[in-house]
Amino acid sequence: MKKYLTIIKTYWQRGLTYRFTILAYRAGEMAEAVVLVLMWTAIYSDQNVIKGFTLPEMITYFLIGNLFSAATRNFLPGLMSRDIKDGGLSMFLLRPMSYFNFILSREIGRISFVTALSLVTNGLIILFFLNYFIFNFDIPYLLLIAIMISLAFIIELLISYIVGLVAFWTDEVDGLHSTFDKLKKLFSGGYFPISILPAIFVNVSYALPFAYSFFVPAQLYLKKIDLMAGARGIFVQIVWIIALYAISNWIWKKGLRRYEGVGI
Amino acid sequence: MPIIEVKNLSKSYEYYRQESGLMGAVKSFFARETLYAEAVKGINFSIEEGELVGFLGPNGAGKTTTLKMLSGILYPTSGDARVLGFKPTDRKKEYQRQFALVMGQKNQLVADLPAMESFILNKEIYEVSDNDFKKTLNELVDVLDIGNILDIQTRKLSLGQRMKCELAAALIHSPKVLFLDEPTIGLDVVAQKNIRDFLKRYNKEKKTTIILTSHYMEDIKDLCRRVIIINLGKVIYDGAIDELIKKHAPYKLLKITFDENGIRRDQVEKYGEVLEFSSYRAVIKVARGDAKKVAIALLSSPLPVDDILIDEVDIDDVIRKVFGK
Ligand SMILES: Nc1ncnc2c1ncn2[C@@H]1O[C@H](COP(=O)(O)OP(=O)(O)OP(=O)(O)O)[C@@H](O)[C@H]1O
Ligand SMILES: [Mg+2]
């Protein structure tokens, strides 16, 4: 356990050396949220309810959803493809610790500071639009959301890990990563609540893992779905974690045989 | 039992060629002809505990590829390698805790952090106890003389300083087997000497088995009694460095200095092939068996000989000759 903590700590320190970049990104995040709120306010100017969402609900949906997605995201694929392409992976293959465990710890260390800051800025944005924001202090709901977000974090890591592993075959995964990110955003409800789409689309989303890092917890927060539906979601997430873990293991073994440790 | 045993080890890489220019790039986007590079072709050798073996060969000979297979980074295409009784590609933790690979051109230190942080990271990953860590680190810091650079970001260090830190990081877990791939590349002569002295001492004191590749003959001459030479993926020599010289250099060099008024070139030409000449110094190449005889002849000649040194041919020349085959 201590080794994981040391890795987390080491890369947390490293993250701090790039404080400027981290802060610069936050500015963009805040600007985006403001634009979002302005846009929806304009759309709602001549109607009170769209597909069952009032304006405060819609704004709360995005603000709280952004908070969730900030808590679950990672930047693994770029780093991994670099490791694989430049042969940096070689150094990890030598050590008595699996690459998976290493990069997971490293990623947690790397992003914890960014995530913490991002949570703060997203919190600030909520404060800024306090008039529109709907509060929910219902403990069972919040608890369920917390579990869901933690699992979503793991799922996102596993998905990113798999995307990163594709670099064994393609060297680069930027394109795949970006396409995946967009699909994810769509299916997670990051562009708009997926419930405004046809029912089939919504059902598919519930079966996919993406909705659980934005749409589902946001709906739970707004109490638009009940605890039972939330619990079902947790079950789906667990199934996904098992499946993704198995898939990633399999791809790792296949990929490693192709690995050439180039660069020296 | 040998510590390292390699049997018929082969590795071929997949690659493809791409014509230059835009058309070439477009063509290779749609159809690539896969080619295979046979980097290592059925090599055999075995190494005993505590040996320090030089692994030589021209660029592209397959040295790095072999070391990577021994470290478990690459799967061999065929053949078998055993190190400390383990199959490297199984990547067993017990194996990984007992060896280290240092590559002069690849770093394991985290560039944005001081070397000390990387040492601590390795300590935890290799599960080194606090006591052992302290002891090993003190020793390494002392011999490598890096005490005053441990708290500086690694990327701000000079090449030589970084290399020393790399070595220290790789030795934190006191490996039994050490693979060194061009550890002195790009270093100045003083730094090279430092690293060499360190390795020599380390090998002697810890009985660590070391395989070392280098393109600097000084490294090899100074450190290794045994060399394995590979070329085009095949072992072409495996044995004592002295034997190599005897076998491939049937000559010795007579290095003669003269005093008084010096001499003329034609006065020494009859003794053998003159390699170097000035009025007060000449280097003559003579057959190995004739060296003593010629030396005596020179001393008893009327030439103003001040001193004669009988020396081996330079190892560089021997290696060049062997590579050339
Ligand atoms: N990833 C790769 N893909 C294709 N061919 C490769 C790859 N890596 C190495 N090779 C080829 O394999 C051969 C052996 O390479 P290797 O790196 O083992 O040589 P080396 O003896 O270490 O040379 P050097 O002294 O230049 O470091 C070379 O011909 C090289 O072109
Ligand atoms: Mg090499």
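The values are calculated or read from the model by the stated rules, or taken from the named source; none is laboratory data. Just so it is clear, the structure is predicted and the values come from calculations on it, not from any experiment. Positions of Cβ are backbone-derived with ideal geometry, glycine not excepted, and every protein chain shown enters the neighbour counts. Please note that ligands, DNA and RNA were not included when accessible areas were found on the heavy atoms of the full protein model with its side chains. Shrake-Rupley method; radii C 1.70, N 1.55, O 1.52, S 1.80 Å.
Observations, loosely collected:
- Ranking A:35, A:132, A:240 by Cα position along the charge dipole of chain A, where only Lys, Arg, Asp and Glu carry charges on their C-beta atoms, puts A:240 farthest toward the positive end.
- Each peptide in A:187-194, B:153-160 receives the mean, over its residues, of other Cβ atoms within 10 Å, and ordering these scores from highest gives A:187-194, B:153-160.
- Chain B: Rg to Rh, with Rh as the Kirkwood radius over Cα pairs: 1.08
- Accessible area per residue, Å², the protein assembly as shown with all protein chains present, probe 1.4 Å: 48
- Taking the Cα atoms of segment A:1-152, the ratio Rg/Rh between the radius of gyration and the Kirkwood radius comes to 1.08.
- For the chain pair A and B, the buried solvent-accessible surface (1.4 Å probe, both sides summed) amounts to about 3000 Å².
- Other protein chain C-beta atoms within 10 Å of residue C-beta, averaged over B:117-128: 4.
- Inverse mean reciprocal Cα-Cα distance (Kirkwood Rh) of chain A, Å: 19.8
- Threshold 50 Å², segment A:90-120 residues less accessible with all protein chains present than alone (1.4 Å probe): A:91, A:93, A:94, A:95, A:96
- Percent carbon-and-sulfur accessible area, segment B:44-245, ignoring ligands, DNA and RNA, probe 1.4 Å: 46
- Residue-averaged 222 nm ellipticity for chain A, from DSSP H runs of 4+ at -39500 (n - 2.57), nearest 500: -25000 deg cm²/dmol
- Result for chain A in a Gaussian network model with C-alpha springs under 10 Å: among A:106, A:26, A:232, the largest mean-square fluctuation is at A:232.
- The sum of -39500 (n - 2.57) across all DSSP H runs of n ≥ 4, divided by the residue count of chain B, sets its helix-only mean residue ellipticity at 222 nm to -11000 deg cm²/dmol.
- Among residues other than residue B:65 with Cβ under 11 Å from its Cβ, the summed charge is +1 (Lys and Arg +1, Asp and Glu -1).
- GNM result for chain A, Cα springs below 10 Å: residue of A:183, A:197, A:151 fluctuating most strongly: A:197
- Over all Cα atoms in segment A:83-142, the spread is summed up by Rg and Dmax: 19.5, 56 Å.
- A dipole drawn for chain A from +1 and -1 charges on Cβ atoms has a positive end, and of A:90, A:111, A:175 the residue lying farthest that way is A:90.
- At 1.567 mPa s and 4 °C, Stokes diffusion of segment B:250-324 via Kirkwood alpha-carbon radius, µm² per second: 102
- Percentage relative contact order, segment B:1-148, counting C-alpha pairs under 8 Å, at least six apart: 24
- Burial order of peptide ranges A:15-24, A:220-229, A:55-64 (average beta-carbon count within 10 Å, highest first): A:55-64, A:220-229, A:15-24
- Nearest-20 debye value, segment B:250-324 charge dipole, Cβ charges on Lys, Arg, Asp, Glu: 300
- Translational diffusion of the protein assembly as shown, µm² s⁻¹ [Kirkwood Rh, Cα pairs; Stokes-Einstein; 25 °C; 0.890 mPa s]: 86
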